[in-house]
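Below you'll find the structure, written out as structure tokens, and then a few comments.
The values are calculated or read from the model by the stated rules, or taken from the named source; none is laboratory data. The structure displayed is predicted, hence computed values, not measured ones. All Cβ positions, glycine included, derive from the backbone under ideal geometry; neighbour counts span all protein chains shown.
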Amino acid sequence: MKIPFYKYHGTGNDFIIIDNRKLFFPKKDTTLIKKMCDRRFGIGADGLLLLEENEVADFTMVYFNADGKSGTMCGNGGRCIVHFANSIEIIDNTTTFEASDGLHQATTLKNSVRLKMNDVSTISMLENAVFLNTGSPHHIEWVTNIKEYPVETVGRELRYKLYGEEGSNVNFVEELDANTFAVRTYERGVEAETLSCGTGVTAVALALFESGKTQSNSVEIKTGGGNLQVSFIKKGGVYTNIFLEGPATFVFKGEWV
């Protein structure tokens, strides 16, 4: 079976995107998805996204991690699939789509995509760390000399040691100036460091504000693959109007045979 696909990345967080409105893709074939995402024997990606029909929204985003298993919300993937949907003209510059954690609104701008994330009401403060869920679970730790930090070694240990088999993504953060921070993320499902993580960057921004490390409700995050902006409002103990903004880039298209 020939499978047309599109390759995208959002600040280095890369995805295979497939128009699956005719439901031809074998979603239960974990081996196929894993092989397509493999960087040596396949196309290579951090995850695979399917665009499908939806009765109440413009489309549904179905996300699979690079290990072939179904994933939770993916922020950069959401931004990339919005760009893709706009490019094939099934949406205009604004859209509402459904992901694993519910409905999301997004806007395609000149050089970026602005994605609204779901409200966050629960943040757990740990010793030198914070845990919260922004559509996917995230553990956040403050570090120094982030460029040299052993992200994969420590991230893999914390992913299992603290959160068991289900695990959590693990983010390491260093302050660069008052409202700019560097982040490196170990992603479960990829089981390695990725160049960027949208839900992770969102979680980091909220954790920084909640812990008093920034007073701004608009934070710039520098990842290995580029810069992202997160803005939000805290009202009545709930973080709302959370927006993740950054570039979504088409790389190439092809056919898997």
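Within the bounds of the stretch 239-256, is there any residue that is touching a strand residue (DSSP E or B) at 6+ places or on another chain (Cβ under 8 Å) and over 30 Å from L109 (Cα atoms)? Let's see the steps before the verdict.
Residues of the stretch 239-256 that are touching a strand residue (DSSP E or B) at 6+ places or on another chain (Cβ under 8 Å), as a first pass: 239-256.
From the residues that got through so far, the ones that are over 30 Å from L109 (Cα atoms) too are 256.
Yes; the residues of the stretch 239-256 include at least one that is touching a strand residue (DSSP E or B) at 6+ places or on another chain (Cβ under 8 Å) and over 30 Å from L109 (Cα atoms).
Does the stretch 110-129 hold any residues that are small (G, A, S) and loosely packed, with under 13 Cβ neighbours inside 10 Å, and which are they? Walk me through it before giving the result.
Of all residues in the stretch 110-129, those small (G, A, S) come to 112, 121, 124, 129.
Residues satisfying the conditions are S121, S124.
Residue by residue, here is whether (1) part of a loop (DSSP other than H, G, I, E, B); (2) without any contact (Cβ under 8 Å) to a residue 12 or more places away in the chain; (3) surrounded by 15 or more Cβ atoms within 10 Å (Cβ to Cβ) holds:
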| position | (1), (2), (3) |
| --- | --- |
| N171 | no, no, yes |
| E175 | no, no, yes |
| T202 | no, no, yes |
| G212 | yes, yes, no |
| K222 | no, no, yes |
| F232 | no, no, yes |
| I242 | no, no, yes |
| F250 | no, no, no |
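Can you find a residue that is farther than 19 Å from L208 by Cβ and surrounded by 14 or more Cβ atoms within 10 Å (Cβ to Cβ) anywhere in the stretch 136-151?
Checking the stretch 136-151: not a single residue is farther than 19 Å from L208 by Cβ and surrounded by 14 or more Cβ atoms within 10 Å (Cβ to Cβ).
Sort out for me the strands (runs of 3 or more DSSP E) sitting completely within the stretch 121-160 that have 2 or more residues that are touching a strand residue (DSSP E or B) at 6+ places or on another chain (Cβ under 7 Å), closer than 27 Å to G78 by Cβ and not β-branched (V, I, T). Spell out the reasoning first.
On the way: elements: 123-126, 129-133, 137-142.
Here the list reads 129-133, 137-142.
Looking at N179, N169, which is the one that is in contact with an Asp or Glu (Cβ under 7 Å, 6 or more places away or on another chain) and at pLDDT below 95?
Values: N169 fails: at pLDDT below 95.
Being in contact with an Asp or Glu (Cβ under 7 Å, 6 or more places away or on another chain) and at pLDDT below 95 holds for just one of N179, N169, which is N179.
Which residue, of T95, T107, is part of a strand (DSSP E or B), surrounded by fewer than 18 Cβ atoms within 10 Å (Cβ to Cβ), assigned by TED's automatic domain parsing to the domain that holds S70 and touching a helix residue (DSSP H, G or I) at 6+ places or on another chain (Cβ under 9 Å)? Break it down stepwise before answering.
Details: T95 fails: surrounded by fewer than 18 Cβ atoms within 10 Å (Cβ to Cβ).
Checking each option against the conditions leaves just T107.
Looking only at the stretch 177-188, count every residue that is part of a strand (DSSP E or B) and closer than 19 Å to Q229 by Cα and tell me the total.
In the first step, residues of the stretch 177-188 are kept if they are part of a strand (DSSP E or B); the result is 177, 180-187.
Among the residues that remain, those that are also closer than 19 Å to Q229 by Cα are: 177, 180-185.
Of the residues in that region, 7 qualify.
Return the residues of the stretch 232-252 that are in contact with a Lys or Arg (Cβ under 9 Å, 6 or more places away or on another chain) and either at pLDDT below 95 or closer than 20 Å to T180 by Cβ (or both); say none if nothing qualifies. Give the steps one after another, and end with the answer.
First, pick out the residues of the stretch 232-252 that are in contact with a Lys or Arg (Cβ under 9 Å, 6 or more places away or on another chain): 240-248, 250-252.
Of everything in the stretch 232-252, those that are in contact with a Lys or Arg (Cβ under 9 Å, 6 or more places away or on another chain) and either at pLDDT below 95 or closer than 20 Å to T180 by Cβ (or both) turn out to be I242, F243, L244, E245, G246, P247.
Hey, among L206, L228, which residue is touching a residue at least 60 places away in the same chain (Cβ under 8 Å), surrounded by 19 or more Cβ atoms within 10 Å (Cβ to Cβ), over 30 Å from M36 (Cα atoms) and outside the structural domain of L32 (by TED's automatic domain parsing)?
On inspection, the qualifying residue turns out to be L206.
Anything in the stretch 110-120 that is in a strand (DSSP E or B) and within 22 Å of E210 (Cβ to Cβ)? List them, or say none.
We begin by selecting, within the stretch 110-120, every residue in a strand (DSSP E or B); these are 113-117, 120.
Hits for the stretch 110-120 are L115, K116, M117, V120.
Output yes when any residue across the stretch 34-46 is over 20 Å from R188 (Cα atoms), outside the structural domain of R184 (by TED's automatic domain parsing), touching a residue at least 12 places away in the same chain (Cβ under 8 Å) and of a type in the set (F, W, Y), and no when none is.
no
What is the number of the single condition among (1) touching a strand residue (DSSP E or B) at 6+ places or on another chain (Cβ under 6 Å); (2) within 28 Å of F84 (Cβ to Cβ); (3) without any contact (Cβ under 8 Å) to a residue 24 or more places away in the chain that K110 does not meet?
(1)
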